[in-house]
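Everything on this sheet refers to the single structure shown next.
The values are calculated or read from the model by the stated rules, or taken from the named source; none is laboratory data. If you're wondering where the values come from, they're calculated on a predicted model, not measured in any experiment. Because the Cβ atoms are built from the backbone with ideal geometry, glycine has one as well, and the counts that use them run over all protein chains shown. All accessible areas refer to the heavy atoms of the entire protein, side chains included, with ligands and DNA or RNA removed. Shrake-Rupley method; radii C 1.70, N 1.55, O 1.52, S 1.80 Å.
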Amino acid sequence: MLNIVLFGPPGAGKGTQSQKLIARYNLVHLSTGDLLRSQIAQGTELGVRAKKLMDEGLLVPDEVVIGMIESQLANNTTAAGFIFDGFPRTVPQAQSLDALTQRYDTGVSCMIALEVAEEELVKRLLERGKTSGRPDDQDETKIRKRVTVYNTETAQVASYYAEQSKFHGLNGIGAIEDIFGQICEIVDQHQPATPVADSQTATDEVKA
């Protein structure tokens, strides 16, 4: 499987690039936010537990989020791979994800982080706020806080994947297609090897 962790601060263009990657590599999109909302709407055991915690103003623990991700892995065993959107955000989450994917004989192929200067992010989000309707896209103080939280959370996760030679930082400023092309170059370096067909193996043995 080809499993990509795609990171980027608010306004970096991660959503746009995620959709292009999904279309090109036929990946299943795993957004923890979407998963939480879906599980709650379906009234699953995990969803009920998550809603109870959220109603009490508590954070949903890692094991609940990992449980939701595992259900998706179990339901998509024939998928070409997954793109993890905004997860993992901490080293313990990254370790849990490694342990989970190993149980399915796969693993994280690479982590790609779109890097954009804070001032550019603020400019983009304030502009987006004119049409998005999101209050947090219209308040500069909130925007800067979101960027700070992102940078704080991802720093250690980036180091974690760098130690595995899987982390790639990429300039998120430029034409969408140019950035996408650079992302694809990175992804293609981490593509799982395609098994040689039995017939081809037999032919090679005869030639030998």
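Structural remarks
- Pairs with Cβ under 8 Å, 6+ apart, first in the stretch 61-72 and within 13 Å of Arg49 (Cα to Cα), second modelled with pLDDT under 85 and loosely packed, with under 15 Cβ neighbours inside 10 Å: Pro61/Leu53; Val64/Leu53
- Lone unmet requirement of (1) β-branched (Val, Ile, Thr); (2) outside any helix (DSSP H, G or I); (3) free of Cβ contacts under 8 Å to residues at least 60 places away in the same chain for Thr141: (2)
- Pairs, first under 20 Å from Gly169 (Cα atoms) in the stretch 92-115, second acidic (Asp, Glu) and at pLDDT 95 or above, C-beta under 7 Å, six or more apart: Gly107/Asp98; Val108/Asp98
- Check on Ala23, part of a helix (DSSP H, G or I), small (Gly, Ala, Ser), within 25 Å of Gly169 (Cβ to Cβ) and modelled with pLDDT of 90 or more: yes
- Among the residues making up the stretch 75-109, a single one is over 19 Å from Gln164 (Cα atoms) and either basic (Lys, Arg) or in a helix (DSSP H, G or I) (or both): Asn75.
- Lone qualifier among Leu97, Leu53, Leu46 - being surrounded by 13 or more Cβ atoms within 10 Å (Cβ to Cβ) and farther than 25 Å from Met1 by Cβ: Leu53
- Residues of the stretch 1-26 that turn out to be open to solvent by 10 Å² or more (accessible area, probe 1.4 Å) and among the aliphatic types (A, V, I, L, M), as a count: 3
- Every residue from the stretch 144-186 that is open to solvent by 70 Å² or more (accessible area, probe 1.4 Å), closer than 18 Å to Ile4 by Cα and touching a residue at least 40 places away in the same chain (Cβ under 8 Å): Gln156, Asn171
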